[in-house]
Amino acid sequence: MDLKLDFPGIQTRLTDSEVDIICEGIKSAKSLSMGPNLKAFEDNFASFVGVENAFGVSSATAALELAAILCRVEEGDEVLLPAHTFAATALPFIRRKAKIVFVDIDPETFVMDTNDLAKKVTNKSKVIVPVHLYGLPVKMDVVMDIASKNGLLVVEDCAQAPGAEYCGKKVGSWGDFGCFSFHGQKNITTLGEGGMLTTNSTKYVEEILGLRKIGARPFLNQKKYWQPAMSNIIEAIPGEIPYNFAMGEIQALAGDLILKRIGKINEVRRNQAAQIIDALSDFSELSFQKVPENCLSAYHLFPARYEGSNGKTRDDLIDLLFTKYGIKTVVQYYPLYKYELFINNGCSGGNCPETDRFFDNMISFPFASDMDPKDIDYLISSTKSAMKELRGEA
Ligand SMILES: Cc1ncc(COP(=O)(O)O)c(C=O)c1O
C-alpha cells in the first residue's frame, strides 16, 4: 500500500539560515554546556511565557520530575491528572508513590473537565496537573480557584502547548510550575530532545539549580577559586539526590531560534486547522476539538471524534483512510489506567466515562507546521469521500 500522508517525524523544521547560525554557533562555541545560549533561551522563554524564571532541561519529563520533587510529593499524596494524556505526565508522580486520581475529560474540548476535578478533590489531595492537550488550554481560572481554596499546588503540563493562551495569559504562567517539551515532534524543538521548567516563584530557584545539574553550586564565601574545591555539591532539598537534567548549548541555540517565530508557526497551524474544519463542517458525524472563545490553541495535534451512522465506527474510518487513500490516522491516547505499568503501580479503575468513550471513537489526523497545501487538500477530499462511503452515499 502506498502511504501518501503520515505523521511527520519532525513537526517544525529549521530553516537554512537557522542551520547556518547553528553551524556557526558550533564553530565559535567556547563551551557546549551551561553557557550563554542556555541563559539567552531561558530569559527569552521566560518573557515569552510571562514568568520570572525558566530553566532549560533535557525533556518535559525531566521538568515534571523536578516539579514533583519541588511540590514535595510523598507516598500516599493524591495527585489529580487526566488519564487522557501521554504517560509522561504521570510517571514522576508514580515514582514518588503518589496516589493518582484520574480526572475525566470534557467531551467537547477533550481536556480536563474542571467539574469532575472539583468532585475528586479530597483532604489527601496535594497537586493538580492540568494537561493542555493537543495545544488547548484547560480552564485555568477554575483550576487555580480550586487549588487556592484547597491549598493545592498546580503543575501545568504544557508539553504540547507553547504559546497557547487562556484568557490572554500564556499556559505555563498560571500554575506553580509549567513543564514544556522540545521533543522533535513538538511545535518548538531543540534538535530532538529538550524541555523547560517555568515558575513565577523565586523561592524555588536555588532548589532547581541544585537539583538540575549534579548539585554543583559555588561554595559560600569562597576565597580562592580552587579552595576548598572548584565547586560545592549541595543537597538543595534534604533527601533529594541531584540529577543531571541540563540542556546543552547548541540545543538551546536551536530552541531560541524557533522561539523567535513560534507565534507565526502557531498561527499557520491554526489556519490549517480552520481550513480543514471548515471544509468538513457538513459532516456532523465528525466533531473536532472545541476551542472556547477565551482560548488560543497551539494546535499541536489535530484530533476529532467520529460517530458514524449505519453502525460505522472510528475503526472503519481509520481503516478506509489507510487502505484506500494511504492516509495514516491514529488513536490517542490509551487511558493511563489501562496500562499494565499503571495497574501494577496502584493506578487502575479510572471512573472516567468520557475518557473511555473518547478512546473508542477518537481519530487523530496527520498534522505539521507548514503542511503542503496539496496534502491539506488531499486530506480533506479523501476524508470527505471516506465518510460518504461509510454513510452509504458513495
Ligand atoms: C502531554 C505530554 N506530557 C509530557 C510529555 C513528555 O515530553 P518529553 O518527551 O519532552 O519528555 C509529552 C511528550 O510527548 C506529552 O505529550
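When the alpha carbon coordinates of segment 185-231 are projected onto the principal axes, the ranges are 46, 26, 12 Å, largest first.
In a DSSP loop and with at most 16 other Cβ atoms within 10 Å, the trypsin sites (Lys or Arg not before Pro) in segment 192-256 are Lys223.
Loop-only check: which GluC sites (Glu not before Pro) in segment 272-326 are DSSP coil with at most 10 other Cβ within 10 angstrom?
Counting only loop positions with at most 10 other Cβ atoms within 10 Å, the GluC sites (Glu not before Pro) in segment 272-326 are Glu293.
For segment 278-314, backbone nitrogen atoms closer than 15 Å to the point 7 Å from Val142 Cα along Cα-to-C-beta are found at 290-295. Need the list of lysines near Lys260 for cross-linking: C-alpha distance under 26 angstrom, and skip anything on the same chain fewer than eight residues off. Candidates past the 8-residue exclusion: Lys27, Lys30, Lys39, Lys169, Lys170, Lys186.
Relative contact order of the chain: 22 percent, from C-alpha pairs under 8 Å at least 6 residues apart in sequence.
The label-point distance for Asp372 and Trp226, in a model that sets each label 7 Å from Cα toward Cβ, rounds to 6.1 nm.
Select from Ala147, Ala368, Ala63 the residue whose mean-square fluctuation is largest in a Gaussian network model of the chain (Cα-Cα springs shorter than 10 Å). Of Ala147, Ala368, Ala63, the most mobile in the Gaussian network model is Ala147.
By the compact-protein rule of thumb, 2.2 N^0.38 Å, the alpha-carbon radius of gyration of the chain corresponds to a ratio of 1.04. Amide H contacts of Val101 (H built 1.01 Å from N, in plane; Pro and chain starts excluded): Val79, Leu80, Leu81 sit under 5 Å, all sequence-distant by 5 or more or on other chains. For Lys39 and Asn115, the FRET efficiency from 1/(1 + (r/R0)^6), where r spans their Cβ atoms and R0 equals 41 Å, is about 0.45. The chymotrypsin sites (Phe, Trp or Tyr not before Pro) found in segment 208-249 that occupy coil by DSSP, while having at most 10 further C-beta atoms within 10 Å, are Tyr225, Trp226.
With bins 5 Å wide beginning at 0, the percent of Cα pairs of segment 262-391 falling in each bin runs 2, 9, 18, 20, 18, 14, 10, 6, 2, 0. Rounded to the nearest 500, the 222 nm mean residue ellipticity of the chain from helices alone is -11000 deg cm²/dmol, with -39,500 (n - 2.57) taken per DSSP H run of at least 4 residues.
How about Lys324: which aspartates and glutamates have a C-alpha closer than 19 Å to its C-alpha, ignoring those fewer than 8 places off in the same chain? By straight Cα distance, Lys324 reaches Asp2, Asp6, Asp315, Asp316, Asp375, Asp377, Glu389, Glu393. Distance between the C-alpha centres of segment 54-94 and segment 304-369: 24 Å, rounded to the whole angstrom. Fully extending the segment from Asn310 to Ile26, taken as 0.36 nm per residue of separation minus the present Cα-Cα distance, adds 96.3 nm. Under conditions of 4 °C and 1.567 mPa s, segment 154-284 yields 74 µm² s⁻¹ as its translational diffusion coefficient, taking Rh as the Kirkwood radius over Cα pairs in the Stokes-Einstein equation.
A short reminder: the numbers here are calculations on the coordinates, not readings from a lab. Note that the structure is predicted; figures quoted are calculated from it, not measured. As a convention, Cβ positions derive from the backbone with ideal geometry for all residues, glycine included, and neighbour counts pool all protein chains shown.
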